[in-house]
Amino acid sequence: MGAAACDLCNLLAAPPAGAVIWQDDALAVVAVDEPGYPGFTRVVWHAHVKEMTDLSPSERDRVMRAVWAVEAALRDVLAPHKVNVASFGNMTPHVHWHVIPRYADDAHFPNPTWGVRQRDPAAAALAVRTALLPELHATIRERMAHDADAEV
């Protein structure tokens with residue numbers, strides 16, 4: 001799959017308004033518009049590479065520091081029951097990590113988000129979590145800026 005056919009390359013080339021929470025010349029932290037999962041975030045390496053081992057050790061470390069910064073922000077702001085962290089790339093072979101806050105009352109818990117739906121989540125709980133997104137995004141930006149400063 002060439003970069004022109006890659007959904008993530010296309011997303012990063014022309015992101016919807018508000019989708020990119022933070023980015024530098026190496027990676028982007030992107031809010032995922034996934035109904036029922038406010039706070040679902042991706043960490044996407046800008047260059048079109050397929051596997052983590054295609055990156056140098058320092059680049060791999062940079063990606064994972066971003067993933068951990070996003071996870072920590074999710075935990076601090078949204079207080080989920082669990083955070084799922086995954087890298088698949090089966091459909092989009094471009095290095096990226098999914099960081100997904102999970103709750104015992106979400107639609108699929110305890111199954112993966114693509115698994116069998118277990119329930120309809122409470123609209124009030126989703127509204128509370130959605131209202132926290134500006135704070136979450138600010139916290140992610142703060143943590144990413146701090147990480148970049150620590151790197152220098």
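Quick notes on this one:
- Applying a DSSP loop filter and a limit of 13 other Cβ atoms within 10 Å to the GluC sites (Glu not before Pro) in segment 21-102 leaves Glu51.
- Computed helical MRE - 222 nm, the chain, DSSP H runs ≥ 4 contributing -39500 (n - 2.57), nearest 500: -12000 deg cm²/dmol
- Its alpha carbons give segment 65-152 an Rg and a Dmax of 14.6, 47 Å.
- In terms of the mean number of neighbouring beta-carbon atoms within 10 Å, the peptides 88-98, 38-48 order highest first as 38-48, 88-98.
- Sorted from longest to shortest, the spans of the Cα atoms of segment 1-61 along the three principal axes equal 34, 26, 20 Å.
- Electrostatic bookkeeping for Gly18 treats Lys and Arg as +1 and Asp and Glu as -1; over the other residues with beta carbon under 13 Å from its beta carbon, the sum is 0.
- Taking N as its residue count, the alpha carbon Rg of the chain over 2.2 N^0.38 Å: 1.04
- Applying Stokes-Einstein at 20 °C and 1.002 mPa s to the Kirkwood radius of segment 105-149, computed over alpha-carbon pairs, gives a translational diffusion coefficient of 171 µm² s⁻¹.
- Cβ-derived FRET efficiency at R0 22 Å, Ala5 paired with Arg60, nearest 0.05: 0.35
- Computed from the C-beta positions of Asn90 and Arg141 and an R0 of 25 Å, the FRET efficiency is 0.25 to the nearest 0.05.
Quick note: the coordinates plus some simple rules give every number you see, no bench work behind them. Being a predicted model, the structure only gives us computed values, none of them experimental. In this analysis, Cβ positions are derived from the backbone assuming ideal geometry, glycine residues included, and neighbour counts consider all displayed protein chains.
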